[in-house]
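S.K.: Let me begin by handing over the structure; questions about it come next.
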Amino acid sequence: MTFESLGLNPQILKSLTEAGYTAPTPVQEQAIPAAIAGRDLLVSSQTGSGKTAAFMLPALHKLTDQPGEAPQGKTPNQAAQSARSRGERPRFKAAQPKMLVLTPTRELALQVTTATEKYGRGLRRVQAVSILGGMPYPKQMQLLSRNPEILVATPGRLIDHMESGKIDFSQLQILVLDEADRMLDMGFIDDIELIIGKTPETRQTMLFSATLDGMVGNMARRITRDPMTVQIASASTRHENIDQRVHFVDDLSHKNRLLDHLLRDASMDQAVVFTATKRDADTIADRLTIAGFAAAALHGDMNQGARNRTLNGMRRGQVRVLVATDVAARGIDVPGITHVFNYDLPKFPEDYVHRIGRTGRAGRQGTAVSLVNHAEGVHVKRIERFTKQVIPVDVVAGFEPKRTASAAPRRPGWRPGDGRKPGNSKPGQRTFSKPGNGPRKEGSGSRTFRSDGRSGEQRRG
């Protein structure tokens with residue numbers, strides 16, 4: 001199948017050819033014709049399957065083929081200039097986009113906007129802008145004053161502009177929820193419901209997610225009308241083109257030495273190292289820089305300008321090792337990423353799939369390495385059950401672990417597998433007390449820990 005056979009606008013086809021696109025991916029083959037026909041869509045596909053083009057190409061086609069509207073008075077900028085010339089304070093006219101794309105992170109929003117500009121090059125009547133956190137308000141006001149047809153936004157900042165009357169969705173025709181599962185994981189469910197409530201019921205809705213089960217499925221059924229479901233691959237799809245392996249480490253020093261060694265692999269072009277916290281991302285990036293690597297950190301505490309500079313440095317090849325947290329790295333698409341390292345294992349198996357999907361893009365070969373403490377073997381098993389494949393354990397000569405996973409120490413009196421401490425603790429729980437103070441009772445200010453090592457505070461946060 002070719003893009004021509006999908007019935008896309010000739011100017012869009014020309015832009016695709018110039019960008020080097022030759023044939024549609026499986027998700028594009030199914031989604032584009034249905035979207036052009038006006039169907040609501042529920043799409044489940046793996047990272048790197050071409051989903052951005054699957055919703056943006058038909059949207060550009062529809063917006064371009066709509067009959068031109070006669071100018072209605074002055075543009076917002078012209079009206080503001082006229083008001084200033086009369087000595088009046090200009091009034092801001094609310095933007096009325098025809099398409100809204102909601103994304104979980106700033107990086108993904110910018111990636112979607114960049115792709116839209118590439119696909120729509122030459123389409124003078126269609127303009128796309130990003131509205132997201134970390135961008136100065138004056139700049140966003142300037143973008144909104146152009147009354148763009150396509151708005152790509154993160155939920156929080158979008159609601160800020162909605163509540164201040166800067167955006168009006170009365171003319172909205174197309175709503176896209178990109179990586180809906182991630183937005184729900186990040187706690188955006190109420191924001192999404194609020195935004196959707198401000199859009200016309202006649203809109204076309206397209207939802208893209210790694211999974212269509214659970215909370216995502218429930219929301220999808222509420223916001224769509226007779227949707228067509230496209231399931232190209234689930235989140236647990238085998239990444240046949242990615243070499244996955246586990247290295248067990250004894251302690252932090254062993255982990256750092258092994259990471260340094262693996263990053264010197266001659267086959268590595270660029271790598272992403274995933275950490276659990278923002279502080280670790282900064283610390284590891286600094287340590288690697290001192291060790292001679294072209295490394296940089298990427299996390300949510302950085303302002304948008306710094307994040308953009310880091311990503312641009314990655315794309316230009318100036319940064320070879322990106323040390324990032326899950327949220328910050330969501331949506332990164334850099335062809336030169338050959339390796340992904342899990343310095344810390346993710347909390348959820350789904351995040352493991354998204355992490356390793358940063359490499360092996362568009363059918364290329366990739367390598368994914370997880371550095372795992374012996375006590376974390378159970379988390380590896382969860383990932384294997386989710387992905388339905390065994391991740392082989394590898395050992396590097398000179399960096400062999402001194403212990404094995406089965407030799408991990410257990411507290412005296414524990415029964416293997418039940419996470420129980422002798423005494424009155426419930427199965428799956430254990431209480432910690434300060435040395436010398438005697439046992440602390442629950443309800444007296446102590447924290448209760450589950451067998452997975454997370455406290456109640458951590459689970460809520």
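Every read-out reported here was derived from the displayed coordinates using simple, explicitly stated rules and does not represent laboratory data. Remember, it's a predicted structure, so these values are computed and weren't measured experimentally. As a convention, Cβ positions derive from the backbone with ideal geometry for all residues, glycine included, and neighbour counts pool all protein chains shown.
S.K.: Could you state the orientation-averaged shadow area of the convex hull built on the Cα atoms of segment 341-398, in nm² to one decimal? Mind dumping the intermediate values first?
M.R.: Values: hull surface 18.5 nm².
Approximately 4.6 nm², given one-decimal rounding.
S.K.: By counting other Cβ atoms within 10 Å of each Cβ, how are 199, 17 ranked from fewest to most? Walk me through the numbers on the way to the answer.
M.R.: Details: 199 17, 17 12.
Taking fewest neighbouring Cβ atoms as first place, the list is 17, 199.
S.K.: When the C-alpha atoms of segment 4-231 are aligned to their principal axes, what extent does each axis show, in angstrom, from largest down?
M.R.: 58, 40, 30
S.K.: Please report the equivalent ellipsoid semi-axes of segment 97-233, computed as sqrt(5 x eigenvalue) of the Cα gyration tensor, largest first, in whole Å.
M.R.: Details: eigenvalues 109, 56, 46 Å².
Those come to 23, 17, 15 Å.
S.K.: Report, in cubic angstrom per residue, the convex hull volume of the C-alpha atoms of segment 242-406. Please report the intermediate quantities before stating the final value.
M.R.: Numbers: hull volume 18.3 nm³, N = 165.
Convex hull volume per residue, Cα atoms: 111 Å³.
S.K.: Please get the size of the charge dipole for segment 188-344, origin at its Cα centre, with Cβ charges of +1 on Lys and Arg and -1 on Asp and Glu, quoted in debye to the nearest 20. All intermediate terms of the calculation are to be shown ahead of the outcome.
M.R.: On the way: 19 positive and 20 negative charges, 85 e Å.
The dipole of segment 188-344 has a size of about 400 debye.
S.K.: Provide the net charge surrounding residue 166, with neighbours chosen by a C-beta distance below 10 Å and charges set as Lys +1, Arg +1, Asp -1, Glu -1. The partial results should precede the final answer.
M.R.: Numbers: positive: 93; negative: 160, 163, 168.
Around residue 166, the surrounding residues sum to -2.
S.K.: Can you list the HN-Hα couplings for segment 149-165, worked out from phi with the Karplus curve (6.51, -1.76, 1.60; θ = phi - 60°), rounded to whole Hz and with x for Gly and Pro?
M.R.: Along segment 149-165, the couplings run 6, 10, 10, 10, 8, 8, x, x, 5, 4, 5, 4, 6, 5, 5, 8, x Hz.
S.K.: Next question, about the same structure. Using square roots of five times the C-alpha gyration tensor eigenvalues, list the equivalent-ellipsoid semi-axes of segment 170-309 in whole Å, biggest first.
M.R.: Here the semi-axes work out to 40, 20, 14 Å.
S.K.: Taking H as built 1.01 Å from N, whose amide H comes closer than 5 Å to the amide H of residue 323, not counting residues under 5 places away?
M.R.: Placed amide hydrogens put 273, 296, 297, 298 under 5 Å from residue 323.
S.K.: So, one more: Within a Cβ distance under 15 Å of residue 23, other residues only, what is the Lys/Arg minus Asp/Glu net charge?
M.R.: Details: positive: none; negative: 4, 29.
Computed value for this residue: -2.
S.K.: Under the rule of at least 5 residues apart or a separate chain, name every residue whose amide H is placed under 5 Å from the amide H of residue 204.
M.R.: 174, 175
S.K.: Calculated FRET efficiency, residue 264 and residue 240, Cβ-Cβ r, R0 25 Å, to nearest 0.05? All intermediate terms of the calculation are to be shown ahead of the outcome.
M.R.: Values: r = 27 Å, r/R0 = 1.07.
So the FRET efficiency works out to roughly 0.40.
S.K.: Which whole-Hz couplings ³J(HN,Hα) result when phi for each residue of segment 34-43 is put into the Karplus expression 6.51 cos²θ - 1.76 cosθ + 1.60, θ = phi - 60°, listed in order with x for Gly and Pro?
M.R.: 5, 5, 4, 6, x, 6, 6, 10, 10, 10
S.K.: Give me 119, 343 ranked fewest to most by other Cβ atoms within 10 Å of their Cβ, as a rough exposure proxy. Please report the intermediate quantities before stating the final value.
M.R.: Working: 119 25, 343 18.
Result, fewest neighbours first: 343, 119.
S.K.: Here's another thing I want to ask about it. How high is the FRET efficiency from residue 393 to residue 17, r the C-beta distance, R0 56 Å, rounded to 0.05? List each step's numbers first, then the result.
M.R.: Details: r = 46 Å, r/R0 = 0.82.
Efficiency, rounded to the nearest 0.05: 0.75.
S.K.: Between residue 137 and residue 348, how many nm apart are label points set 7 Å from Cα along the C-beta direction?
M.R.: According to this spin-label approximation, the distance is 3.2 nm.
S.K.: How long is the gain from residue 312 to residue 276 if the chain were fully straight, where each residue apart is worth 0.36 nm and the alpha carbon distance is subtracted? Numbers along the way, then the final one.
M.R.: Values: separation 36, 0.36 × 36 = 12.96 nm, distance 2.33 nm.
Full extension of this stretch gives 10.6 nm more.
S.K.: In terms of modelled amide H atoms, which long-range or inter-chain residues lie less than 5 Å from the amide H of residue 95?
M.R.: Sorted by chain and number, the residues that satisfy this are 167, 168.
S.K.: Charges at C-beta only: +1 for Lys and Arg, -1 for Asp and Glu. How large is the resulting dipole of segment 241-318 about its Cα centre, in Debye rounded to 20? Walk me through the numbers before you get to the answer.
M.R.: On the way: 11 positive and 10 negative charges, 62 e Å.
Dipole size: approximately 300 debye.
S.K.: Follow-up. Each residue of segment 269-281 in order: what ³J(HN,Hα) in whole Hz does its phi give by Karplus 6.51 cos²θ - 1.76 cosθ + 1.60, θ = phi - 60°, with x for Gly and Pro?
M.R.: Couplings: 9, 9, 9, 10, 10, 8, 10, 7, 10, 5, 4, 5, 4 Hz.
S.K.: By counting other Cβ atoms within 10 Å of each Cβ, how are 99, 162 ranked from fewest to most?
M.R.: On the way: 99 25, 162 17.
The most exposed by this proxy come first: 162, 99.
S.K.: Would you mind getting me the FRET efficiency between residue 382 and residue 291? Use the beta-carbon distance for r and R0 = 35 Å, nearest 0.05. Please report the intermediate quantities before stating the final value.
M.R.: Values: r = 32 Å, r/R0 = 0.92.
Plugging the Cβ-Cβ distance into 1/(1 + (r/R0)^6) gives 0.60.
S.K.: May I ask for log10 I(q)/I(0) of segment 204-287 at q = 0.12, 0.24 Å⁻¹, from a Debye sum over the Cα atoms as equal point scatterers with solvent left out?
M.R.: Values returned for q = 0.12, 0.24 Å⁻¹ are -0.66, -1.24.
S.K.: Add +1 for every Lys or Arg and -1 for every Asp or Glu among the other residues with Cβ under 14 Å from the Cβ of residue 359, and state the total. Please list the in-between numbers first.
M.R.: Details: positive: 245, 320, 355, 358, 361, 364; negative: 240, 243, 265, 269, 333.
Summing Lys and Arg as +1 and Asp and Glu as -1 gives +1.
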